[in-house]
Every structure is written in C-alpha cells, then in structure tokens.
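A.B. asks: I'd like to ask you about the structure that follows.
Only the coordinates and a few stated rules stand behind these numbers; no lab work does. For clarity, every value in this text was computed on a predicted model and none was experimentally measured. Neighbour counts run over all protein chains shown; Cβ positions are idealised from the backbone, glycine included.
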C-alpha cells in the first residue's frame, strides 16, 4: 500500500519518473505548483481547470472592464486533484480578463495570479487564429522529446494567443505502466498531470482541445467490465485533468457513457466564426486494438501492409538527409523507432474491424452536411487510426472503401453507411483533415480535401519520421506547430503556417526559432455534390 504522501506525489507533474519507472530519465515540465487550463468555451461561458500541489482556497475573478469585476465562489483545492470553475453569463464575441486568487489555509489575504485572457465565440465573418501540434511523446526523452524545446514551443504558441490549441494525440502514453503492470489511477494521473506543467503555458489563456491517440490506450478493446482496467483509468484521467466538451446546447458529440468513466468526450464538434471544428475517434469504438496492442512497442508483425515496412533504414536516412539538404534546406531525416510491419489483413488481421462505429459515423455525417460553415476542419489521430501516410491510406477500408487487394467492399462491410469517410469529407466540403501519428509535417491534397500531418512540438533530432510513407506532398521535418488563421470578411480564407521552433543551441545555418518553414492559403470550396442519402 502506498503511503498517502506518495500517492499525492504520483498525481503531480514532478513525479513522472515514479510513474514511468527507472529505465529512462524523466522529462520535467515547468515546476509550477499551480496550473490552470481553459476548456470548452462557448458564446457565454468557459471552464477553468485548476490543479495545485498543496491545499489552497481559491476563486476566479473576471472582467470585461476593470470597473465591473465579477468573481466565482471560492472552494478548497485538494493537492493534486483538478478542480473546475465554470464561468458563465459572458457576452458573445468578447474578450475578458481573468485571474486566479489563492490563499493557504489560515492565511488572511489572497494572492493574485497573473492576468490571463478569455475569448467567447466569434461571430460569422469574424477572424481568429487556432494552433495545432502533433504527437509530443514525452515518454521518448532524447529521441523524440526534449522538455526545454517543448517549453520553447509552448511559449511561441502562447505569444500567438490562439482561440484554441489542438493536441493530435500520443501526448499521454501509459504503455510503460502497462508493461510494468502498474495498474493504479495515481500512476495514470501522473502522466496527465505531467503535461499540465507544459500545457499551462498555453492553456491559461487558450482552451485546449484533445484528440485521442493510440498510445493513450483509452480504447474499447481493453474494457473488461471492471473499474480497474487501463482503458477506464486513462478515460477518467483524460476527462478529469482537462476540461473537454460534452454534448450540450453549444457542442454536439458522444452521448453514450461508458461504465466507470461516464461521458468519454472523445468526439465532439462546434462552430466558431466561419469555421466548423470536428474531432473524431476510432479507439473508443473498435472492438480490436486499432494500432499497437497495450504494452507492445509496435503492432504485431502480421498486422499490416503487403508492401515493405514504412520505417526508414539507416541507409535510407542518409539518402533522405541529402535530399532534405538540397530541397528543404533543413535538418536531416531519421527512422522512426516505432516501425510498422504489414498492415492489411496478413496473418488474419482484418482492418475492417477498425471503425468509428455506426453512431459516430452518422453523427459525423449529419454534422458535416448540415453545417453551412465556409470552412470545415476535421481532426483525428490518423486516417483509420493506424498505418502511415495521408492520402496513401485514404482509399482503404472504411475511409475509402477498398480492401488490400483494391476490391471495393464498402457496401458489404458498412451496410448502414452512405459512403466512405473520405467521400463524405469531399462531398461535404471539408477544408482540411488534420492528423498526427506520423511525426513530421506533410501537406497533401485529394479531391479538394487537404490532408495535413502535424509536426512534433519537441523533437530534438529534427527528423521527418516516416518520410517514405508519403509519395507526394510538401514534406518538412520536426519540430514546431501549425498556426492557422481564419480570415473573415469580404475575402474569406484560411492561412496555414508551419512555425519551426528551436532551442538557442539549435539555431544555425538560417534556422531560427519562430521561422516559417512552409505556408499555404485556402479559400472556401463548394461541395462536390449532394452527399449520398
């Protein structure tokens, strides 16, 4: 039995080493004793999640004008336990200021935190910015993650003051815990708490929107009807450490609760300005492991493509480095440590079992087709939730309808669906599909839909992992994030910029932190045709 003080330590960011074991030095985020994260903003409200390392009394004060300050009721913050303050009664399309006030038990006066920002829903025609990061993988210290570089990225994002910040998944890996058999809520909580130290740099003034990834192992196939399995532990940490949207008058989404977790908050949608935002998730809705099975470093070798593995060899990496030097004038590429084998049915694995499920699909279809937004953005960890590549995967299984032999089996395998997911996005006028998983920046286009793979925000090797999986497109290596500006008015457009980030020691040969490695502009596009009924 763990002693009470150790349980508290395990639930706080600095304890990540205890939760992850001694095999690798633990990444340390900013050692803030207090973190605050915004979430689920609407036209008239926002949630502020606060987590403290010690017991405190706290309340939030907020104002549009300093002459009219309002405040929430005060409450006691328990050590390591997130607490949410719901701020309501706000005015649409308005910027507010707020700050947290705290005091220790027995203290006479409250201490005021720094002033932060709240933004309510933008109207149609309004302009705004949001930002996106790919997989951060803090468990991969030194080979895909550096805490100092992550902090640099977070500070750049915070300076942009976006209305939202999207995390594309694989930010809360609990696989080391699964390998070690450490099945405790405290250990899983520590993985989520550790990220708050970094994400609070952005999240104090920018609502965070999370996308479920394969390494989170928040997945249906692990459920066993008990309250102490890893899917439940991950699901509870996911919904308690970050204030995510649930279906209400402003957001639509997953209305089906899961035993021992409640509402998953895994898929959801809302409109903001001229844009529709849609987050989808296959992991909570597939009966099988969508990608790698819990506790394994990669999918089964019999589980994949009929072509050669997509990871690069050392020889490939050297060749890719020479190509990047002449084309992108940037850092070299290296092989992803998480290589994948065949992925399409070999050895009995059937990728038709990977699915959004009927309920989520019909919700996605109605959400996309009923929206009149000029721009539509869809976010998911990856096409199909597995594999490598963007448009290279878009024609297969429930995403495109064909099996590994190129035979169209969609009607047979999805009898209750009107059309494959890519066709739905094409016909509904989706602007950009954002994905993570592949650990590089890659922009491709298929049938008018842009497939945008997002770079890692803290990769100190500055690699374009899985480069060979992409046969076409604009390809650049890590690290950094995407800054997306939605411009309203008479000439509406979307401007996407890949912002590179570097530590001071990395800045050389024209590489400077904050530089734009690639950018493009998108204008509204008409749907190809009426979606199938």
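A.B. asks: Rounded if a/c is under 1.5, else prolate if a/b is larger than b/c, else oblate: which is the stretch 154-301, with a ≥ b ≥ c the root eigenvalues of its Cα gyration tensor?
C.D. replies: Taking the square roots of the gyration eigenvalues as a ≥ b ≥ c, the stretch 154-301 is prolate.
A.B. asks: On a full-extension model of 0.36 nm per residue, what is the gain between residue 159 and residue 288, subtracting their alpha-carbon distance, rounded to one decimal in nm?
C.D. replies: Gain in length upon complete extension: 42.3 nm.
A.B. asks: So for the pair residue 508, residue 63, with labels modelled 7 Å out along Cα→Cβ, what separation do we get in nm?
C.D. replies: In this crude label model, residue 508 to residue 63 measures out at 5.0 nm.
A.B. asks: Give me the Å³ per residue figure for the convex hull around the C-alpha atoms of the stretch 43-120.
C.D. replies: About 85 Å³ per residue, rounded to a whole number.
A.B. asks: Need one number for the stretch 128-522: average projected area of the convex hull over its C-alpha atoms, nm².
C.D. replies: For the stretch 128-522, the mean projected area of the Cα convex hull comes to 18.5 nm².
A.B. asks: Among 507, 402, what is the fewest-to-most ranking by other Cβ atoms within 10 Å?
C.D. replies: Ascending Cβ contact count within 10 Å gives the list 507, 402.
A.B. asks: If r is the Cβ-Cβ distance from residue 359 to residue 447 and R0 is 25 Å, what FRET efficiency results, to the nearest 0.05?
C.D. replies: Calculated transfer efficiency: 0.45.
A.B. asks: Shape of the stretch 399-533 from its Cα gyration tensor (a ≥ b ≥ c, root eigenvalues): rounded if a/c is under 1.5, otherwise prolate when a/b > b/c, or oblate?
C.D. replies: oblate
A.B. asks: Okay, next question. So between residue 183 and residue 54, what do we pick up on full extension, going 0.36 nm a residue minus the alpha carbon distance?
C.D. replies: 43.9 nm
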